[in-house]
Amino acid sequence: MLGTMEKESAPTFASLEEEEAALRARLDKIAQFKTLARELGVSLEATGLAVGRPVLGSPPLTITAPAASSFDGTLGDLIRCYRSNEQSPFHKLKYAVQNNYVGMLNKIAADFGAHRIADLSSDRVMQLYNQWAEGGKISMGHALAAKLRLLAGFGTTVLHDDDCTLFYARMRAMRFPVAEKRLVAMTAEHAEALRAKAHELGWGSIALAQAIQFELRLRQAQVIGEWVPMSDPAPSAITWGNEKWIRGLKWSDLDDKLILRFPVIDKRKRRKDMEIDLSSKMMVLEEMDKLPSIPSTGPMIICEATGRPYSNNEFRRKWRIAATKAGIPDNVRNADSVRAEGVQATKEEDQPTFSVVK
């Protein structure tokens, strides 16, 4: 029996040759990577790869064939793996950020998904960048480059793919044209024009949201809220289908003395309870005067077409339509209503009257 077991476990010349071929292929990949790293001036430590040295007298190396991977080597399939792999950082993103990523990744997959990672040289990546940035769309080109870096890093650290490792080093070393800084800030005149045009279009909700966001220096999501899956732990009584609405301003946050009290979450995910006196916010008061009545409950910003709070995309779409018709330049965005941490203005005299409730 012992002799039989030893016979069955003994390697054949064919199996050893297969293992040797696999090892040589692996070593070739490592050599290619080292050459590329030297050319690009990237240190091995910067890649996050562990570099070791065999120890003399150590036990013989046992070569185990890697498990078959479902990744087919194309950019499109790398995107699929990034979205579906259980270890992917994609699953840790906030719901709204995931939606933003999905739209961008879908566009990348549609435009370039058939490209093999191994074929994405620096010249080829720059061609793809120029295709997206054509017509002065520098931000689109940068969005593509950022997502390619992200995907390459995922393929390196999670999929442990050799071609992704080389691609990741290449993307880290590449530099892309920088867009000119937007010189036009959101002004009170812009806000006034936007409000007037929104009312002409029948979108009083957009006008009210603009007044609140500009004078209180709040982020869009802090004003209109956001729709998230029912699985989100934040409580909400407002639902639609398999989603619920959270985090936006509610009429119940406003008392009869026009003191608005609401929580905000800072960049460190800490909750802060805010108090803002609206009695000196003329834009907000003007918009409130135009309402038939002041509700006591419910979201402050309701889409006229649906009777529900806006989705982020729909709000941005209508805001841009109104802004364009009002003559507001394309390089002025709704986000320009906000400064610093979202409740702070750029000048001391423009600071909203608010306090943090301890």
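The values are calculated or read from the model by the stated rules, or taken from the named source; none is laboratory data. Predicted, not measured: the structure shown is a model, and the values here were computed from it. All Cβ positions, even for glycine, are placed from backbone atoms using ideal geometry, and neighbour counts span all protein chains on display.
Here is a yes/no grid of residues against (1) modelled with pLDDT of 90 or more; (2) assigned to a loop (DSSP other than H, G, I, E, B); (3) outside the structural domain of residue 334 (by TED's automatic domain parsing); (4) surrounded by fewer than 18 Cβ atoms within 10 Å (Cβ to Cβ):
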| residue | (1), (2), (3), (4) |
| --- | --- |
| 126 | yes, no, yes, yes |
| 132 | no, no, yes, no |
| 169 | yes, no, yes, no |
| 180 | no, yes, yes, yes |
| 195 | yes, no, no, no |
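With the structure loaded, tell me whether residue 240 is closer than 23 Å to residue 315 by Cα, in the same structural domain as residue 197 (by TED's automatic domain parsing) and surrounded by fewer than 16 Cβ atoms within 10 Å (Cβ to Cβ) or whether it fails that test. Break it down stepwise before answering.
Values: closer than 23 Å to residue 315 by Cα: yes; in the same structural domain as residue 197 (by TED's automatic domain parsing): yes; surrounded by fewer than 16 Cβ atoms within 10 Å (Cβ to Cβ): yes.
The answer is yes for residue 240.
Here's the yes/no breakdown for (1) on the phi > 0 side of the Ramachandran plot; (2) of a type outside the set (Asp, Glu); (3) at pLDDT 95 or above:
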residue: 289; (1), (2), (3): no, no, yes
residue: 299; (1), (2), (3): no, yes, yes
residue: 303; (1), (2), (3): no, yes, yes
residue: 328; (1), (2), (3): no, yes, no
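Report, by residue number, each residue of segment 80-129 that is within 16 Å of residue 171 (Cβ to Cβ) and of a type in the set (S, T, N, Q). Passing the criteria: 121, 122, 127.
Each row is one residue, and each column tells you yes or no for (1) in contact with a Pro (Cβ under 6 Å, 6 or more places away or on another chain); (2) among the hydrophobic types (A, V, I, L, M, F, W, C); (3) more than 30 Å from residue 290 (Cβ to Cβ); (4) in contact (Cβ under 8 Å) with a residue 60 or more places away in the chain.
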| position | (1), (2), (3), (4) |
| --- | --- |
| 113 | no, no, yes, no |
| 128 | no, yes, yes, no |
| 147 | no, no, yes, no |
| 155 | no, no, yes, yes |
| 161 | no, no, yes, yes |
| 168 | no, no, yes, yes |
| 194 | no, yes, no, yes |
| 201 | no, yes, no, yes |
| 209 | no, yes, no, yes |
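Suppose the filter is at negative phi and within 25 Å of the chain's Cα centre (by Cα); does residue 150 pass it? Criteria met by residue 150. Condition check for residue 346 on (1) of a type in the set (Val, Ile, Thr); (2) modelled with pLDDT under 95; (3) outside any loop (DSSP other than H, G, I, E, B): one failure, at (3).
Restricting segment 99-120 to residues that are over 23 Å from the mean Cα position of the chain (by Cα) and part of a helix (DSSP H, G or I) leaves a set whose member that is surrounded by the fewest Cβ atoms within 10 Å (Cβ to Cβ) is 119.
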